[in-house]
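No lab work stands behind these numbers, since they all come straight from the coordinates. Here the structure is a predicted model, which means the values were calculated and not measured. Using ideal geometry, Cβ is built from the backbone for each residue, glycine included, and neighbour counts are taken over all protein chains shown.
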Amino acid sequence: MRRAEGTVRVSAPSGPAPGGEPPGTVPRRTSAPGEAEHPTAGLPATPAPTGNTADAVDRTAERRGGHRARGRGAGRARGRGSGDGGEGLRRLLPQALVVAFLAGGTSAFVAHDRAVTLSVDGKARTLHTFASDVTGLLEREGVTLGPHDEVTPAPDTPLSHGDEVAVGHGRPLRLTLDGGHRIVWTTARTVGGALRELGVRLDGAYLSTPAGTRLGRAGTALEVRTERRVTVLVDGREHTVATNAATVRATLRAAGVDLGADDTTSVPLDAFPRDGQTVAVLRVARSEQVRAKAIAFRTVRRPDPELDQGTELVERAGRAGLRRTLYQVRTVNGVRERPRRVRSEVVREPRDEVVRVGTRRLPTSVRGADGLDWDALARCESGGRPDAVDPSGTYGGLYQFDQSTWRSLGGSGRPQDAPAAEQTLRAKKLYVSRGASPWPVCGRKLSR
């Protein structure tokens, strides 16, 4: 094959060889014993063409023209000299076949060579290839495609001369968009290009990395906060602000809203503000209130056999205790809320009251007064009611005792609180000492 692609070189005769044929006759080559005679034997082999194939074809054609000219001259010389024209044609025919083979091989080489432009991640270069489709081109150029890479046109697309093939390698983007986290793959080469592919609006947006930053194959972390419109209600007024802040607190600061120490908002201050959201500022005022409340004392009743039944004697007076409770009062936007108890403490403990209660049986008879009609007197004075009290509040009980008289007779407390039997006993004693004079109107009822 290398001999067929070689260049045929033919030298013109310059004179008769010693002992040879006449001038104008091509010398013959005598075959060695046992060697078959070949028409092209003795022609030097030319290495396979390198460099530009078209130049090789041109040089071959040029040599063909020269060979033809020299062949015609040699033929005429042979015709004139010896008449051996058939032998010359036999020698020129193999040379013509070699030239035709070279021309056909070069045409096939040119027909399968394609000039295409290959762009990998934006870096383009023009190259020649024998690949028949995009996949073959990428394999020959050592371009490996991953699951997130993109190639245009499709890998199985046939290649033609002048085609353009673009390869974009996928890059992981760890994206935090308006508080949401996700990983996306992109063939864009810059931060801005990736966000435009994702349809993220960049006007007024905050980017943790500039939009022109190139994305590496290993991946990039990016935080994006788009511009949002938030309505702020404060002090009875409404403000709409455009913000790319990460928190409600920063949004209020951008809107020029100052928060007091106790002020709060309808949305947590550390929350991410959403587009179209309304945030109300609550002006809070706090105050404290102390309330005092008495603690009732207990009454301890102790039986006393030295006192008559129905007689009670306060041995020690009780004293109420005191409790103080601290309340916190919150006022929100001028509206007072229900007080909240903070703490409570007892300032003074209560002291029990001690009462002696008589257990001695009362005498039922008083000499000099037993035969009188005490029921009739009671009906006249009080209507027969032991707890009766006159309109002035001075007299009480069945027999309308005043307080001083009642005590002088050994009674305790108020007469209207004493049992009916005790009241009758005290009335009999009063009659023995003073007669019916304590009852100037009803005293006559005592006589039967």
query = For labels at T117 and T152 in the simple 7 Å Cα→Cβ model, what's the distance in nm?
reply = 1.3
request  = Add +1 for every Lys or Arg and -1 for every Asp or Glu among the other residues with Cβ under 13 Å from the Cβ of A250, and state the total.
outcome  = +3
inquiry  = Quick check: convex hull over the Cα atoms of region 362-446, volume per residue in Å³, rounded to an integer?
reply    = 85
message = Using a Cα-Cα cut-off of under 18 Å, which aspartates and glutamates could be cross-linked to K445, ignoring same-chain neighbours fewer than 8 residues away?
response = D370, D373, D375, E381
query = What is the projected area of the convex hull of the Cα atoms of region 228-282, averaged over all directions, in nm²?
reply = 3.2
query = Using every alpha carbon pair in region 327-370, what percent of pairs falls into each 5 Å bin from 0 up to the bin containing the largest distance?
reply = 5, 12, 8, 9, 7, 7, 7, 5, 6, 5, 5, 5, 5, 6, 4, 2, 0
Cβ-based net charge around F272, under 13 Å, with every Lys or Arg adding one and every Asp or Glu removing one = 0
remark   = A chain fully extended from T144 to Q289 at 0.36 nm per residue, minus the present Cα-Cα distance, gains in nm 44.4 nm
Share antiparallel - DSSP beta bridges, region 228-282, percent rounded to 5 = 75
message = If you consider only alpha-carbon coordinates, what radius of gyration and Dmax does region 114-168 have, in Å?
response = 10.0, 28
request  = Could you tally the net charge around V224, taking each other residue with its Cβ under 11 Å from the Cβ of V224, Lys/Arg +1 and Asp/Glu -1?
outcome  = -1
query = How many nm separate the modelled label positions at E349 and A317, each set 7 Å beyond the Cα in the direction of the Cβ?
reply = 2.1
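Mean separation of Cα pairs under 8 Å and 6+ residues apart, divided by the residue count of region 286-356: what relative contact order is that in percent?
Relative contact order here is 46 percent.
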ask   = If R0 is 30 Å, what FRET efficiency do you get for S437 and E306 from their C-beta distance, rounded to 0.05?
value = 0.40
message = Working only with C-alpha atoms, what are the Rg and Dmax values of region 272-415, expressed in angstrom?
response = 29.5, 104
